[in-house]
Amino acid sequence: MGFSNIGFFSVSLVASILISFLFGSTPAADVSSLVYKGCAKQTFTSNSGSQETLTALFNSLVAQASGARFFKSSSGGGQTAITGLFQCRGDLSNADCNSCVRRVPEMASNLCGQSVAGRVQLTGCYLVYQTSGFPQISGTEMLYKMCSSSESKGAGFEEKRDIVFNQLQTGISGGSGFYATTYSSVYAIAQCEGDLGVSDCGSCIKVAVQRAQVECGTAIAGQIYLSRCYMSYSYYPNGLPGHSSSGQQTTGKTVAIVVGGAAALGFVVICLLFVRSVLKKRDDY
């Protein structure tokens, strides 16, 4: 499932919140930020009933979002059939996945209107739909990229980045379709479309990584979205927030970072409340 890049797309690039990719499970308010949208220039013909068919498709997809992170469905039949899918980031809870997906249909309607095909990518999930017969594209077709304007001038950045990229490609070949890893203050994640085979997934991420290396160069953060996979990375010169910068590899969710950060924040709040209490008592005297 995809879109042609020859006149079919009117793609709006929207600034992403990179930090939302740093931590394992994030609040629903963060995972529903718009990354980009792509809408076909072709529109439904009037009185075709296609809008009702699309609404039925959206309802079908949303109904599955409470128990699945990836689901494909179709609505209607023949030339009026519309197919679609949603996918959530692999580290989201069911509740956050559900919350994210539920936001997309209304956003798709507002952003793409009567378009016969569309894709809306949020930080935590995406939804794609298209009418029967819509042109297909390669699974490695570039849909969107974002490279940080900040670049690393320090020695060793590209080596660290490339080590993480290699870990990413090795990890994604494990077959889960989602992988996250860190190395020496560089954090990266990758995900493939839910029904993409292990071999094709690995090939897709390999292309995404190569595009990141070429397109983003020494940028300290980047996101590459291809038709059937994406990858994202961030470099923190002073070390990952709340994480020991030891240069060692860690994989999977960075839950410890979230817990550590929350504990530190709680300690600061307690200290502030204590100081406030002491000052109040002093004023009373």
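The values are calculated or read from the model by the stated rules, or taken from the named source; none is laboratory data. Bear in mind the structure is a predicted one, so any value in this text is a computation, not a measurement. Reconstructed Cβ throughout: ideal geometry from the backbone, glycine too, with neighbour counts over all protein chains shown. For the accessible areas, the whole protein counts, side chains as well, though only heavy atoms, and no ligand, DNA or RNA atoms are used. Shrake-Rupley method; radii C 1.70, N 1.55, O 1.52, S 1.80 Å.
S109: accessible area at probe 1.4 Å, nearest 10 Å²?
The accessible area comes out at roughly 50 Å².
Would you mind working out the magnitude of the charge dipole of the range 88-189 relative to its Cα centre, with +1 at each Lys and Arg C-beta and -1 at each Asp and Glu C-beta, to the nearest 20 Debye? Walk me through the numbers on the way to the answer.
Details: 8 positive and 8 negative charges, 36 e Å.
Dipole size: approximately 180 debye.
Where in the range 47-82 does the label zone of M107 land, with the point 7 angstrom along Cα→C-beta and an amide N cut-off under 17 Å?
Of the residues in the range 47-82, 58-59, 61-63, 65-66, 69-71 have backbone N under 17 Å from the label point off M107.
Starting from the Cα-Cα distance between E141 and E52, subtract it from 0.36 nm times their residue separation and give me the gain in nm to one decimal.
Details: separation 89, 0.36 × 89 = 32.04 nm, distance 3.01 nm.
This chain segment gains 29.0 nm when fully extended.
From the phi angles alone, apply the Karplus equation (6.51, -1.76, 1.60; θ = phi - 60°) to the range 215-227 and give each ³J(HN,Hα) in whole Hz, x where the residue is Gly or Pro.
Karplus values, whole Hz, x for Gly and Pro: 6, 9, x, 8, 4, 7, 8, x, 9, 10, 10, 9, 4.
Starting from the Cα-Cα distance between S132 and S150, subtract it from 0.36 nm times their residue separation and give me the gain in nm to one decimal.
Working: separation 18, 0.36 × 18 = 6.48 nm, distance 4.27 nm.
Separation in residues times 0.36 nm, less the Cα-Cα distance, equals 2.2 nm.
Determine the sum of side-chain charges near Y230: Lys and Arg each +1, Asp and Glu each -1, restricted to other residues whose C-beta is under 11 angstrom from that of Y230. Could you put the intermediate results ahead of the total?
Working: positive: R89, K145, R211, R228; negative: E193.
Net charge in that neighbourhood comes out at +3.
Nearest 0.05, what FRET efficiency do Q64 and D162 give at R0 = 35 Å with Cβ-Cβ as r? Mind dumping the intermediate values first?
On the way: r = 38 Å, r/R0 = 1.09.
Calculated value: 0.35.
Per residue, how much space in cubic angstrom lies within the convex hull of the C-alpha atoms of the range 89-131? Could the numbers behind the result be given before it?
Details: hull volume 2.6 nm³, N = 43.
Residue-normalised Cα hull volume stands at 61 Å³.
Can you tell me how the range 27-183 classifies by the Cα gyration tensor, rounded, prolate or oblate, using a/c under 1.5 as the rounded cut? Can you show the working numbers first?
Details: a/c = 2.20, a/b = 1.86, b/c = 1.18.
Taking the square roots of the gyration eigenvalues as a ≥ b ≥ c, the range 27-183 is prolate.
Hey, can you grab everything whose amide H is under 5 Å from the amide H of I137? Only 5+ residues off in sequence or another chain; H modelled, so Pro and N-termini drop out.
Here G2, F3 satisfy the definition.
Give the long-range amide H neighbours of L226: residues separated by 5 or more places, or on another chain, with amide H under 5 Å away, using H modelled in the peptide plane at 1.01 Å from N.
It is L143, M231, by chain and number.
Tell me, what ³J(HN,Hα) does each residue in the range 113-122 have, in order and in whole Hz, if you take phi through Karplus 6.51 cos²θ - 1.76 cosθ + 1.60 with θ = phi - 60° and put x for Gly and Pro?
Each residue's phi maps through the Karplus curve to give x, 8, 4, 6, 8, x, 9, 10, 10, 9 Hz.
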